[in-house]
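Read through the structure below, which is laid out as structure tokens, and then see the notes.
We did not get these values from a lab; they are worked out from the coordinates using the rules stated. Since the structure is predicted, the reported quantities are computational estimates derived from the model, not experimental observations. So basically every Cβ, Gly included, is an ideal-geometry build from the backbone, and we count neighbours across all protein chains shown.
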Amino acid sequence: MSTEVLRAPPDPYHLGHRPASANAPPQVTGHGAGGPAPKRIVVGYGFWIFLLSDVVIFASLFATYAVLFKNTAGGPTSEQLYDLRNTALETACLLASTFTCALASIAVGERSQKWTQIALACTGLLGAAFLSLEAREFASFVARGAGPSRSAFLSAFFTLVGCHGVHVSAGMLWLGTMMAQFYAKGFRRDIRHRFLCFTLFWHALDIIWVAIFSLVYLVGTEPRQFLP
Amino acid sequence: MLGKLSWQAIPFNEPIPLFSGAAVALILLGVLVWVVLRGYVPYLWREWITSVDHKRIGIMYMLLAAVMLLRGFIDAIMLRGQQAVAFHSMGYLPPSHFDQIFSAHGTIMIFFMAMPFVIGLMNLIVPLQLGVRDVAFPTLNSVSFWLNAAGALLVNVSLVIGEFSRTGWLPYPPLAELRYSPGVGVDYYCWAIQISGIGTVMTGINFVTTILKMRAPGMSYTRMPMFCWTALASNLLIIAAFPILTATLAMLLLDRYLDFHFFTDTAGGNSMMFMNLIWAWGHPEVYILVLPAFGIYSEVVSTFSGKPLFGYRSMVIATMAICIISFMVWLHHFFTMGAGPEVNAVFGIASMIIAVPTGVKIFNWMFTMYGGRVRFTSPLLWSIGFMVSFVIGGLTGVLVAIPSADFQLHNSLFLVAHFHNTIIPGVVFAAFAGYTYWFPKAFGFTLDERLGKWAFWLWLIGFWVAWAPGYVVGLEGMTRRLQHYDDPQWRPWLLLAALGVTILLAGIAVQIWQLIHSIRTREQRRDLTGDPWNGRNLEWATSSPPPVFNFAVLPNVTDQEPYWDVKQQALKALQLVTPEPQYQPIEMPRNSPTGFVTAFFATVTGFALIWHIWWLVILGLIGAYVTFVIFAWRDHPEFVIPAEEVARLDRANREARADYLRELAR
């Protein structure tokens, strides 16, 4: 093969963004042009994308709940079931746990084993309180004959709220593992990266709870005010 | 103790699944015994099963895809064979078995053939093209692969233990509800797809992070190779669409297991919810498969035309436009289900609009070839065969996108012919083109060209003989999934289709022979330069097969076609050997059995859930959690390759490359 064929074809319209000459410095354009990002960025970014995919699961469940909201099949409606006082307590627990989780981040930043463990333990206790309140609510619904099998509306309710509860439970398991890791291994870099992901997860669950609180409980208690 | 599982689950009275299952089990057992006797187990465990190297994982994905292609193709032969003989008779497959076969065929071909093939090629090539050492999360990548394999295993276990779904490749309720499908078939389907779906989402996360956050210095977005762009689009779609599938199948499972009422026809359930949700995943899924395929064609066409890709930027825009519009067309899968003329019109128009960026791509490939020095190698033949066939498949798609026409064509063989006409030339041909094109990169020797061309022509002709009749009988009113029929008009066409599938069988046989023959004659077909096709992107800038760290020194990208540029500058300056770089020790991730062990527990849990063996479900979940904790507990996630070792490997590569450049310069 001759060299003639292999010469780079001219690029008059700069479609390929060739530098003006072979010796010109590379044009640093766009994101990531300086080479691979550091590990912390990569881990955090990847976890953000995981959270987005998780949010899509919740979006599907929210959409389903909206469609099935009125399909009570003659069973109890949201107005008859929802108790805003219980929901307010749950919300308080979860928001407070987010606060203690943020405190744990600060403690990790300060490399304080004691305060990290204390803040994470508080986060876990508040999470457990939230879960027990939710379990009590679910149990009272079932006791009143309003279990998930009663109607499509209740199937959608239990699945949406329960999916959040399952996430919180998984978060608790993760939290315990995190505490053990900090205790056994100290503030190693890869463990701090994992902790970054955990805090993102915990805060994201809060955001989803805010949506559940508003769209499920608030709207469900006064549907005539919000829905056509 | 064993839930619903008993001896009745083994289909002793149905010879076909029993014998085929027994044959598969014997082959598997034979392979296992051979592997153990030859002492390959430690090697396989160390180098492959626990490997977190993206190239190895990519190869394993493609191996899985190839095996599943054979399984899905055997289903296809049985389906075509049944319709060829079941004229005024019941044929040789009873309806319950026929229904399982068409369900398994679709499920396997989409989830366990096309997906692993495309993801495998992305694994093998994307990090190399980006000029980096691995994906963002190597161990997660291994987990993804093994979860996919676990799903495939569950589908195939259903052949011998129990039954597979009879509700088609998507389990439409209310048919898929417990009341109408009380067996374990739908459960096999759901749990297999859930397990492999988790793996796919993790792949999406991994690749989006890799492509957006890990590129060689200087590789800005507009310098990314087209295959990386399409891989990015495809993985963005995975992240946005696969969770919908997971949520939808979870709702169906709740209906089936815990008496919920999402999609039932009682207690206020709404089965149309399922149609909307499943196709909100299902239509993007089409583009998850076909966008990377477009990327493969872009690479192949540009390399074998000796020209840069025509209209790079329009190609990027077209890819991202498809990525977005693909979420706005799902309703065209059920125009006939009563959404009303306004809604149908909106989705019909959106479905036609999505053909526009695809058309842009076709023109770009044609103009890339125009005026180039085209080398008609088999990857290019696959690409040309694709362009011609896919245009026809795409145009029939525009036909069914017209709601009023769709009322006639819905659920007919015309529709089935349409989607086979897009997905076989679109995805399968691309998989073969990519397989041939990148095979030397993966294994260090090329595949036999003569047999490759035979395979191409057999596939192209076989495909058209098998599926052109589908359009005809579809217009004559034949609906899909008919176990038997009595319309004499259809008979000759269905016999012709059976002939087509025989030609395809010959094509596959030639491909198997091509692989065996190429391995036998590998010494004559070694790729010593790392660049057998005079390629243009960074994957050709390293040796074939690449060292575990891919690049001794991360390449500095100054151009849209980095490696082509390097070659040109070297030739221009006649400075064939660049000064040796300063070698540094390289940190690479350590191998880990996490993926394999997780998949083992996922398989156990899935199987236990299917058969309601609750204690085993709990054990499986605990096992999976313990695996993660052990993984999190390890102290040395990485190992270091010393600078001398890097230098030794790279010097050999540089020498071969210098010889190659000298030869090019002559």
For the range B:368-427, what is the Kirkwood hydrodynamic radius in Å, using each pair of distinct C-alpha atoms?
12.9
Relative to the compact-globule estimate 2.2 N^0.38 Å (N residues), the Cα gyration radius of the range B:175-244 stands at a ratio of 1.61
Rel. contact order, % - alpha carbon contacts under 8 angstrom, at least six apart, chain B:
18
Whole-angstrom gap from the range B:427-474 to the range B:178-244, using each part's C-alpha centre
25
Please list log₁₀ I(q)/I(0) at q = 0.06, 0.09, 0.12 Å⁻¹ for chain B, using the Debye equation with identical point scatterers on the alpha-carbon positions.
-0.34, -0.78, -1.42
Rg and Dmax of the range A:140-207, Cα atoms, in Å?
17.2, 51
Give a quick list of trypsin sites (Lys or Arg not before Pro) in the range A:124-228 that DSSP marks as loop, anything other than H, G, I, E or B, with at most 16 other Cβ atoms within 10 Å.
A:144, A:188
Averaged over B:268-277, how many beta carbons belonging to a partner chain fall within 10 Å of each residue's beta carbon?
4
Fewest Cβ neighbours within 10 Å first, please rank B:144, B:592 accordingly.
B:592, B:144
For A:114, B:213, what ranking results if the residue with the fewest other Cβ atoms within 10 Å of its Cβ goes first?
A:114, B:213
For the range B:7-94, which chymotrypsin sites (Phe, Trp or Tyr not before Pro) pass both filters: DSSP loop (anything but H, G, I, E, B) and at most 12 other C-beta atoms within 10 Å?
B:12
Computed over the range A:84-222, Kirkwood Rh from alpha-carbon pairs, angstrom
15.9
Residue-averaged 222 nm ellipticity for the protein assembly as shown, from DSSP H runs of 4+ at -39500 (n - 2.57), nearest 500:
-22500 deg cm²/dmol
Once you compute Rg and the Kirkwood Rh from C-alpha atoms, what is the Rg to Rh ratio for the range B:62-157?
1.16
Which whole-Hz couplings ³J(HN,Hα) result when phi for each residue of the range B:359-375 is put into the Karplus expression 6.51 cos²θ - 1.76 cosθ + 1.60, θ = phi - 60°, listed in order with x for Gly and Pro?
x, 4, 5, 4, 5, 4, 5, 5, 6, 5, 6, 4, x, x, 8, 7, 9
How large is the translational diffusion coefficient of the range B:415-502 in µm² per second when you combine the Kirkwood radius over alpha carbon pairs with Stokes-Einstein at 25 °C and 0.890 mPa s?
166
Low-density loop positions, trypsin sites (Lys or Arg not before Pro), the range B:51-106 - DSSP coil, at most 13 other Cβ in 10 Å
none
When the Cα centres of the range B:84-150 and the range B:24-73 are compared, how far apart do they sit, in Å?
15
Relative contact order, percent, chain A [alpha-carbon distance under 8 Å, six or more residues apart]
28
Of B:307/B:361; B:55/B:213; B:213/B:307, which sit over 21 Å apart, Cα to Cα?
B:213/B:307
Peptide-level mean, for A:53-59, of C-beta atoms on other protein chains within 10 Å
6
Partner chain coverage, peptide B:282-290 - average Cβ within 10 angstrom:
0
Check residue B:163: other-chain or 5+ apart residues with amide H under 5 Å from its amide H, H built from backbone geometry?
B:184, B:185
Listed pairs B:441/B:567; A:39/B:567; A:39/A:185 exceeding 22 Å between Cα atoms:
A:39/B:567
What value in Å³ per residue do you get for the convex hull of the alpha-carbon atoms in the protein assembly as shown?
178
